[in-house]
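Structure record follows, encoded as structure tokens.
The values are calculated or read from the model by the stated rules, or taken from the named source; none is laboratory data. Every value quoted in this text rests on a predicted model; they were computed, and no experiment measured them. Backbone-built Cβ (ideal geometry, glycine too); neighbour counts: all protein chains shown. Keep in mind that these areas ignore ligands, DNA and RNA; they rest on the heavy atoms of the full protein, side chains included. Shrake-Rupley method; radii C 1.70, N 1.55, O 1.52, S 1.80 Å.
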Amino acid sequence: MKNVLLDTDIGVDCDDAVALALLLKLEREGKCRILGVTVSTTREGASASVEAICRHYGTEKPIGVMRPPALTCDRINAYSLAVKQKYHTDDVDRDAVDLMREKLAAADGPVTLIAIGPQTNVCRLLKSGADGWSELDGKELVRRKVDCLWVMGGSFKENYGAVGLNPSRPICEWNIVQDVASAQYVAENFPCETVFSPHEAGSRIFTVMRDEDSPVWYSMLKFAEYNAFPVKPDFLRESWDPVTCLAALEDCSDYFDISGYGSVSVAASGETSFRAGDGRQRILLVKGGFSRLSDRINAMIE
């Protein structure tokens, strides 16, 4: 059973809420143990939304929050405040990096770190110093305790043909663009294997909102309303973050290949590229089967 730490920017796009629900379902199925959840945003209601979804799945998890300064995107609050108010949960004050360091230091086996937002917290973890949890600095603690970092981030020309994108117009993916400096630092300094689940991996896989009372579906509803998307007949949202979580924990070889090792570069614009060869990084390569993977994700969410 894999030990997992999830880092999420919940509250801006509703696929984070779906991804957390998917991980909680996988934990219930005995496929992972969620050691904690950190939020890579300072927006109000982010950690309260995590608590509401965890309670819906009958569990409590340690939660940490990103310390200021806020990212520009933290001004966007599509649904987390609404979830906090509806489900009467409270935000926490635990520092995200402190929680990460505690859980890594205490882990009795390798930990898989899944980052589905800007990489601010991961960068700060790498730059952290020794503390009461461990005498090791961040890089060494990660090197000894993390088996793999899964990043929902980037966009790679290797996938463009499979999803019908124009190779002459590269995508600067949202999570990377929100904190380019942190993404660059993580790409250059993370000491363990890193797998990038890029924009293309989740862009043709859709979660379908259901008319049920749960903080997951309420997050999707408020997200749609915030962005003035039509809710009826069926609101669909791309599943970038759920795909990342599922690929990190299940065999998804029917839908994706994983490249050989190489290195990912992050340009100042946020554009990403992959070069095969020396390096610790890999990327998901899209194969197809989009509707079947959509069905798998939708069947898991309560």
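Before moving on, here are some points about what is shown:
- Against the conditions (1) within 20 Å of Arg280 (Cα to Cα); (2) at pLDDT 95 or above; (3) surrounded by fewer than 23 Cβ atoms within 10 Å (Cβ to Cβ), Glu158 satisfies every one except (2).
- Of all residues assigned to the stretch 213-220, at least one qualifies as being more than 20 Å from the chain's Cα centre (by Cα) and over 13 Å from Val264 (Cβ atoms).
- Residues (modelled with pLDDT of 95 or more, among the hydrophobic types (A, V, I, L, M, F, W, C) and closer than 21 Å to Asp147 by Cβ) located in the stretch 1-19: Val4, Leu5, Leu6, Ala19
- Selection from the stretch 1-42 of residues that are under 20 Å from Leu99 (Cα atoms), in a loop (DSSP other than H, G, I, E, B) and open to solvent by 10 Å² or more (accessible area, probe 1.4 Å): Thr42
- Within the stretch 256-283, the set of residues being open to solvent by less than 20 Å² (accessible area, probe 1.4 Å), over 19 Å from the mean Cα position of the chain (by Cα) and touching a residue at least 60 places away in the same chain (Cβ under 8 Å) comprises Ser259 only.
- Restricting the search to helices (runs of 4 or more DSSP H) fully inside the stretch 196-302 and requiring at least 1 residues that are among the aromatic types (Phe, Trp, Tyr) gives 215-226, 240-249, 290-300.
- In the stretch 43-63, residue most open to solvent (accessible area, probe 1.4 Å) [restricted to those that are under 14 Å from Ile10 (Cβ atoms) and not in a helix (DSSP H, G or I)]: Glu44
- The one condition from (1) surrounded by fewer than 19 Cβ atoms within 10 Å (Cβ to Cβ); (2) without any contact (Cβ under 8 Å) to a residue 60 or more places away in the chain; (3) touching a strand residue (DSSP E or B) at 6+ places or on another chain (Cβ under 8 Å); (4) not polar (S, T, N, Q) that Ala181 does not meet is (3).
- Scan of the stretch 284-295 for residues that are under 23 Å from Cys32 (Cα atoms) and free of Cβ contacts under 8 Å to residues at least 40 places away in the same chain, ordered by number: Arg292, Asp295
- Residues located in the stretch 161-176, provided they are open to solvent by less than 80 Å² (accessible area, probe 1.4 Å) and either of a type in the set (Phe, Trp, Tyr) or over 16 Å from Ala268 (Cα atoms) (or both): Gly161, Ala162, Val163, Gly164, Leu165, Asn166
- Taken together, the residues in the stretch 204-234 that are open to solvent by less than 10 Å² (accessible area, probe 1.4 Å), in contact with a helix residue (DSSP H, G or I) (Cβ under 6 Å, 6 or more places away or on another chain) and of a type outside the set (A, V, I, L, M) amount to 4.
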